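Below you'll find the structure, written out as structure tokens, and then a few comments.
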Amino acid sequence: MSAPRHPALHASHSGCWLHDGQGSARALSKGQAVTAVADAPHLILNAPLLATRLGYPDLAGLDLLELYAFIHPARFVVPTPKGLADALGLPRPDADSEVPELLQRAAMRLLETCEQPDWAEREGAWTSLQSLVKMRWPWAKLLAPRLAKPQKAERWIFTRLPEWEESPEPPQPRQLNIPDGAVLDRLAHLTGQGAEERAGQKDFAVEAAHAFAPRTRAGLPHVVLAQAGTGVGKTLGYLSPASVWSEASGGTVWVSTYTKALQRQLRKESRRAWPETRPDGSQPVVVRKGRENYLCLLNLEDALQGGFAGRAAILAHLVGRWAAYTQDGDMIGGDLPGWLGTLFHKRGIAALTDQRGECVYAGCPHYRKCFIERATRASVNADLVIGNHALVMINAARGRDVASRPTRIVFDEGHHVFDAADSTFAAELSGTEMIELRRWVIGPEKKSRGRRRGLAARLADVASYDDEGDKAILTALSAAEALPSDGWLQRINDGEPSGPLEELLAAVRATVYARDESGGQEAGYGLETEAAGLEGPFVEASQAARLALSELRRPLIQLGLRLEALLEDGPDWLDGQGRARIEGARHSLTWRIDLLVAWENLLERLGGPADPEYVDWLALARSEAREFDIGIHRHWLDPMKPFAKVVLEPAHGVIMTSATLRDGDSWDRAIARSGAPHIEVSPRLSLSPSPFDYAAQAEVLIVRDVPRGDIAALAAAYGRLIEASGGGVLGLFTAIRRLRAVHGRIADRLARGGLPVYAQHVDPIDTGTLVDIFRDDPGASLLGTDALRDGVDVPGHSLRTVIMEQVPWPRPTILHRARRMAGGGSAYDDSIIRARLAQAFGRLIRSKEDRGHFIVLSSAFPSRLLDAFPEGTPISRISLDEALQRVAGHVSGNPIATPADRTDRG
């Protein structure tokens, strides 16, 4: 069948080009491009990004990414012209003007694929297409004549997914010591024959093995703090003793990360130590994430049967295609393309996941096929579970059974454990949190076809059988009416709060504004004030709110007791599936009761003496000067105290490792932030320096003549440095406002010179995909904030310059101020800054072949912070013009720095 001859349009910061499908290509203005796409459907790539480039939000057309997601669900592609060309085996375009023709060839290739007999993702495509035709999906008419109706009716997606099986609880692991020889032999096996021997990696592996020794006393785990510089190979270093111990003991090791990028890397590296599947078909390695990361099959069914409308319904069918081919159902950082949600709406993806613990467990018709339950059960018998810091802490605190609680844990990216604990063990009483609790108890206020039906609907059979349970449910429904409802924020803004909890939030808002000293200058940020010195009316409002929460907590406790009684002495009709559903409901109840207790404790202390263990404050959350939440916050002054009790004390062995655990040459900060002192454990300390020759591979340039606060000068510096580097720049900002301002001033000009610049908070692309694009194009540059300072692994020529717009000072929040006072004042600030500088510098040199410059645009960079950089790294305080010469010289092949260039760290 002949290929479609649709016109194709491409636009970048450097211009717009159109190919009419008849062999004619031309450049055109933005206005002409908008007129063209408004008149007729064009082949395009990444509609949201193109709409941003053209300034035309209503852009629509034949997006090649949507077609790719239909033809090749769960297959990776970088969503750029070059990435699409690579994925389809087509020649890469040499210039933007060639992209429209590539789009036509790519469309031809993809449409022809569905006519091939060996198309691997054929099953389910015809059935899905029939629904997409009715929805007028732009590609449907082009696909319909090419996709033949199958001879046999295709199975529904929910019948094609495999079911998980119950398995017995595993026995306790054997207690044993791992010989050094066994660890080193396994390391040699994992690195492979002919691999370069790294002494630091061997030492690291042997030290890590100490965490797997038997405990000598309950509550005193083995804790190993291991700093391993970039290039040591710490992943295989700790997988070696972990795999030896797991194999010999029959136990499970958890490896916890902070970033999804490291999770993906670990999954790949673990295949050296374990096969994909065991002979019995089970998985020795399982990736675990929070429930909100996974596709909920009940939500998908609802969406496919009319719960979604318009473009969201098309998204649901594309996700349905993916669900049949995904490895594990992970929608956030898994094999669902990160760009798919941005093509439609990010909220559409969120609506298909399990939000806020609304799961009905065994009451769900898809329970036996649930991706979340499958991963949970697989992890119990796995040798290795790859999780994240928050999940490990939550599992330790709320584990539904002993078997699911981790006892041997490796915290990779260990410098983030403190931050993860800070979030996990905090309390937040806010409008957003309370309205979610209301919806869980009562159900949504608007009619919904989904499962968010409220407590009464989820436990209807229990209520009909058990009078006391029914009474508890009705009492809880009545008490939950006091929680904020839809429209709460508007009512508060209008001065008409409804009920004691909305009245409390109104008092919080009024107090925050009354105490604000910014004079309205902080429009881009939230506002906050200490929860101290509160007036009598505020305290009265807080106590009325506390009583309202208590009125809800009591019937929920009673309901939990009735569910427990049913499990102990249940009726004849209560089968295994029903018991599992009630057990799940008990788990959800326990979570909500604990949440209410935390809120009540927070409110009870307002107006009383301050508790030195906690930091409390009132906050008004804003974005772009728009209010979106109001709340009262409580954080531990030292969150490692609850972490030590909940995570460390029950564990047998814990490793915390990172390239940046220490503060300079001191272990004090690392030890304090491990939690070990709170349980009187002396951690084992291990240091494995990086094998890289930083003196030859990298140079730190402190540019002293870019005035702070001068956006024009800052943008000019970024633009000139990107040009001198020929792209390959990672630009790190401490404020989104400055990032946007710089990008807006330089992006068009640089793109016209063949140097595209992408940016977080500007381009409608998720962060993971932005990094993929940056990695794929050596001429591209990427601007971002904190999320790019950690976990970005771009070895090679694609990243050769890192630029920080200024010294990354901590933001002076109330929480930071309290910890600063407790932690030594300016010395506490300095330790944070050095850690951020070290983490950012770590993005630059990822292999022995890497070379590059780390540039800080600071007129007065404090000398005391210079030991954040690796020993031996040359550091120069120079002008922008000199920095441009250094960077350009590196690009032209000159050494990074000569001995004469190097200056003293002071």
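The values are calculated or read from the model by the stated rules, or taken from the named source; none is laboratory data. Model, not experiment: these values are computed from the prediction. As a convention, Cβ positions derive from the backbone with ideal geometry for all residues, glycine included, and neighbour counts pool all protein chains shown.
Here are some residues: Ala897, Ala883. Which one is modelled with pLDDT of 95 or more, among the hydrophobic types (A, V, I, L, M, F, W, C) and within 13 Å of Glu699 (Cα to Cα)? Quick ask: steps written out before the conclusion?
Working: Ala897 fails: modelled with pLDDT of 95 or more.
Only one candidate qualifies: Ala883.
Gly329 - would you say it is among the small types (Gly, Ala, Ser), on the phi > 0 side of the Ramachandran plot and either in contact with a Leu (Cβ under 8 Å, 6 or more places away or on another chain) or buried (at least 20 other Cβ atoms within 10 Å of the Cβ) (or both)? Give the steps one after another, and end with the answer.
On the way: among the small types (Gly, Ala, Ser): yes; on the phi > 0 side of the Ramachandran plot: yes; either in contact with a Leu (Cβ under 8 Å, 6 or more places away or on another chain) or buried (at least 20 other Cβ atoms within 10 Å of the Cβ) (or both): yes.
Yes, satisfied.
Given the options Leu606, Leu620, Leu595, Leu637, name the one that is of a type outside the set (D, E, K, R), touching a residue at least 40 places away in the same chain (Cβ under 8 Å) and under 19 Å from His416 (Cα atoms). Give the derivation first.
Numbers: Leu606 fails: under 19 Å from His416 (Cα atoms); Leu620 fails: under 19 Å from His416 (Cα atoms); Leu595 fails: under 19 Å from His416 (Cα atoms).
Residue meeting the stated conditions: Leu637.
Which of the residues that make up segment 540-572 are at pLDDT below 95 and out of contact with any helix residue (DSSP H, G or I) (no Cβ under 8 Å at 6 or more places or on another chain)?
Passing the criteria: Leu561, Ala565, Glu568, Asp569, Asp572.
Please count how many residues of segment 179-190 are assigned to a helix (DSSP H, G or I) and either surrounded by fewer than 19 Cβ atoms within 10 Å (Cβ to Cβ) or touching a His at 6+ places or on another chain (Cβ under 7 Å) (or both). Full working, then the answer.
Start the filter on segment 179-190 by keeping residues that are assigned to a helix (DSSP H, G or I), which leaves 180-190.
Going one step further and asking which of them are either surrounded by fewer than 19 Cβ atoms within 10 Å (Cβ to Cβ) or touching a His at 6+ places or on another chain (Cβ under 7 Å) (or both), we end up with 180-182, 184-185, 188-189.
Here the count works out to 7.
Taking the condition buried (at least 20 other Cβ atoms within 10 Å of the Cβ), in contact with an Asp or Glu (Cβ under 9 Å, 6 or more places away or on another chain) and hydroxyl-bearing (Ser, Thr, Tyr), does Thr52 pass?
In short, no.
Got a number for residues in segment 725-755 being under 18 Å from Gly779 (Cα atoms) and either touching a Cys at 6+ places or on another chain (Cβ under 7 Å) or surrounded by fewer than 20 Cβ atoms within 10 Å (Cβ to Cβ) (or both)? It would help to see each step written out before you state the result.
Taking segment 725-755 first, the residues under 18 Å from Gly779 (Cα atoms) are 725-732, 743, 746-755.
With the extra rule that they be either touching a Cys at 6+ places or on another chain (Cβ under 7 Å) or surrounded by fewer than 20 Cβ atoms within 10 Å (Cβ to Cβ) (or both), the set shrinks to 748-749, 751-754.
Matching residues across segment 725-755 total 6.
How do the pairs read when you match residues in segment 811-822 that are not assigned by TED's automatic domain parsing to the domain that holds Trp617 with residues anywhere that are aromatic (Phe, Trp, Tyr) and assigned to a helix (DSSP H, G or I), using Cβ under 9 Å and keeping only pairs 6 or more apart or on different chains?
What qualifies is His816/Tyr828; Arg819/Tyr828; Arg820/Tyr828; Met821/Tyr828; Ala822/Tyr828.
Could you grab me the full set of residues in segment 720-734 that are under 16 Å from Asp763 (Cα atoms) and either hydrophobic (A, V, I, L, M, F, W, C) or in a helix (DSSP H, G or I) (or both)? Give the steps one after another, and end with the answer.
Step one: filter segment 720-734 for residues under 16 Å from Asp763 (Cα atoms), giving 730-733.
Leu730, Leu732, Phe733 - these are the residues of segment 720-734 that are under 16 Å from Asp763 (Cα atoms) and either hydrophobic (A, V, I, L, M, F, W, C) or in a helix (DSSP H, G or I) (or both).
Out of the residues in segment 763-782 that are farther than 26 Å from His389 by Cβ and without any contact (Cβ under 8 Å) to a residue 60 or more places away in the chain, which is surrounded by the most Cβ atoms within 10 Å (Cβ to Cβ)?
Within segment 763-782, the subset farther than 26 Å from His389 by Cβ is 763-764, 773, 776-781.
Then drop every residue that is not without any contact (Cβ under 8 Å) to a residue 60 or more places away in the chain, which leaves 778-781.
Details: Pro778: 14, Gly779: 15, Ala780: 23, Ser781: 29.
The selected residue is Ser781.
Which numbered condition in (1) under 33 Å from the mean Cα position of the chain (by Cα); (2) surrounded by 15 or more Cβ atoms within 10 Å (Cβ to Cβ) is the only one that Tyr513 fails?
(2)
Only residues that are closer than 24 Å to Ala69 by Cβ, surrounded by 13 or more Cβ atoms within 10 Å (Cβ to Cβ) and small (Gly, Ala, Ser): list them for segment 87-103, please.
Ala87
Please tell me if Ala27 is over 19 Å from Lys82 (Cβ atoms), touching a residue at least 40 places away in the same chain (Cβ under 8 Å), in the same structural domain as Leu111 (by TED's automatic domain parsing) and in contact with a Ser or Thr (Cβ under 9 Å, 6 or more places away or on another chain). Steps first, please.
Values: over 19 Å from Lys82 (Cβ atoms): yes; touching a residue at least 40 places away in the same chain (Cβ under 8 Å): yes; in the same structural domain as Leu111 (by TED's automatic domain parsing): yes; in contact with a Ser or Thr (Cβ under 9 Å, 6 or more places away or on another chain): yes.
Yes.
In this structure, does Leu129 turn out to be modelled with pLDDT under 95 and surrounded by 16 or more Cβ atoms within 10 Å (Cβ to Cβ)?
On the way: modelled with pLDDT under 95: no; surrounded by 16 or more Cβ atoms within 10 Å (Cβ to Cβ): yes.
It is false that Leu129 is modelled with pLDDT under 95 and surrounded by 16 or more Cβ atoms within 10 Å (Cβ to Cβ).
Which one is nearest to the chain's Cα centre (by Cα), of the residues in segment 84-123 that are closer than 23 Å to Ile157 by Cα and polar (S, T, N, Q)?
Initially, segment 84-123 is screened for residues closer than 23 Å to Ile157 by Cα, giving 110-111, 113-123.
Now narrow it down to the ones that are polar (S, T, N, Q): 113, 116.
Numbers: Thr113: 34, Gln116: 37 Å.
Across segment 84-123, the extreme among qualifying residues is Thr113.
Being part of a loop (DSSP other than H, G, I, E, B), surrounded by 14 or more Cβ atoms within 10 Å (Cβ to Cβ) and either under 33 Å from the mean Cα position of the chain (by Cα) or among the aromatic types (Phe, Trp, Tyr) (or both) is the filter here, so list the residues in segment 157-178 that pass it. Steps first, please.
Just the residues of segment 157-178 that are part of a loop (DSSP other than H, G, I, E, B), to begin with: 161-178.
Those still in the list that are surrounded by 14 or more Cβ atoms within 10 Å (Cβ to Cβ) too: 161, 164, 173, 176, 178.
Correct list: Leu161, Trp164, Pro173.
Out of all the residues in segment 357-369, which are of a type outside the set (Ser, Thr, Tyr) and out of contact with any helix residue (DSSP H, G or I) (no Cβ under 6 Å at 6 or more places or on another chain)?
Hits for segment 357-369 are Glu358, Cys359, Pro365, Arg368, Lys369.
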